[in-house]
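Comments concern the structure below.
The values are calculated or read from the model by the stated rules, or taken from the named source; none is laboratory data. Treat the numbers as computed from the prediction; the structure is a model and nothing was measured. As a convention, Cβ positions derive from the backbone with ideal geometry for all residues, glycine included, and neighbour counts pool all protein chains shown. Protein only, heavy atoms only, side chains kept; ligands, DNA and RNA dropped before computing areas. Shrake-Rupley method; radii C 1.70, N 1.55, O 1.52, S 1.80 Å.
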Amino acid sequence: GEGLGNKFLGHIREVEAIVHVVRCFEDPNVIHVDGRIDPISDIETINLELIFADMEVIERRVAKATKMLKGDKSLQKEIDLLNKVNDHLAAGNVARTIELETDDANFVKSLDLLTYKPVISAANVSEDDAADECDDNEYVAAVRKLAEDEGSEVVVISAKVEAELSELDDEEREMFLEELGIGESGLDKLIKSSYSLLNLISFITTGEDETRAWTIKRGTLAPQAAGKIHTDFEKGFIRSETISYDRLMEAGGKLSNAKEHGWLRSEGKDYEVKDGDICHFLFNV
């Protein structure tokens, strides 16, 4: 048809990662637009549109840099790199598979190329296949192989199951998952995979009014994590009273018990916040 469309492509340039749902089940009552089940072809079709869109971006960037080249010879290196990426794309490859030095990779990342963004392929399986990881599903196996070659991730979900789960409350949802023999919903798996792909973790703050999770990059130090809440917390950071979620649960969910066991730690400016840390930041401004 008309393809993805420039307006849609413009929107997805703003995201950190792309989730591509591909059909990995057969059902004569659910018609596929191409009349066949071929997830690899589906992925390649989308990739091709994204590649064309990226080539347009690079061609415009090369044209602009070429015009400015007479006044700034240093732009030749940029032009050469852009042409290298363009040749890679023209061969039918996504940008994220090109091998680049760190500085060059940072420059290419700044271009916001669609095919340079990390991708999760959500393999949409039947309700019957939702209870396992579909090791015997040939469609899922093919998607996993392609994802491995492209540096992407794969999550197995069942859109039908997820639709049914969305209409249930928490208690009913747990019962439904148990009946199907599913450990966790596809949405939960997708969220975890997204965090892993983007190198993200969560830390927790809790008080009388609310308990809240905050998302940060893995490797963030305590002052910068505190700054996620408020800039004053980072500027006047003193220390963080910290305990892991698992430790707190081991203490019966009570900080007083954790203190008695000596599990509540005092961490300074060089502490790297861990996934699941519960932090109480002390600051002075």
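Tabulated results
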item: Between segment 139-166 and segment 88-110, the Cα center-to-center distance that results, in Å; result: 25
item: Modelled FRET efficiency - R0 35 Å, ASN93 with ARG36, Cβ distances, 0.05 increments; result: 0.90
item: GluC sites (Glu not before Pro) restricted to segment 138-244 and DSSP loop, no more than 12 other C-beta within 10 Å; result: GLU167, GLU184, GLU208, GLU210
item: Electrostatic dipole magnitude of segment 125-192 [Cβ: Lys, Arg +1; Asp, Glu -1; Cα centre; debye, to 20]; result: 380
item: Gained length - GLU44 relative to LEU168, 0.36 nm times residue gap less alpha-carbon distance; result: 41.1 nm
item: Which of PHE233, SER256, CYS279, positive extreme of dipole for segment 165-285 (C-beta unit charges); result: PHE233
item: Per residue solvent-accessible surface (Å²) - the chain, probe of 1.4 Å; result: 60
item: At least 27 Å along the helix axis (C-alpha) and Kyte average at least 0.0, DSSP helices within the chain; result: 39-68
item: Mean-position separation - Cα centroids, segment 33-71 and segment 247-262, in angstrom; result: 54
item: Volume per residue of the C-alpha convex hull in the chain, rounded to whole Å³; result: 202
item: Gyration tensor (alpha-carbon) shape descriptor, segment 66-219, a/c threshold 1.5; result: oblate
item: Segments 83-96, 117-130 sorted - mean Cβ within 10 Å per residue, highest first; result: 117-130, 83-96
item: Computed helical MRE - 222 nm, the chain, DSSP H runs ≥ 4 contributing -39500 (n - 2.57), nearest 500; result: -14000 deg cm²/dmol
item: Whole-number percent relative contact order across the chain, with pairs defined as alpha carbons under 8 Å at least 6 apart; result: 15
item: Sites matching GluC sites (Glu not before Pro) across segment 16-94 that sit in DSSP coil, with at most 12 neighbouring C-beta atoms within 10 Å; result: GLU16, GLU26
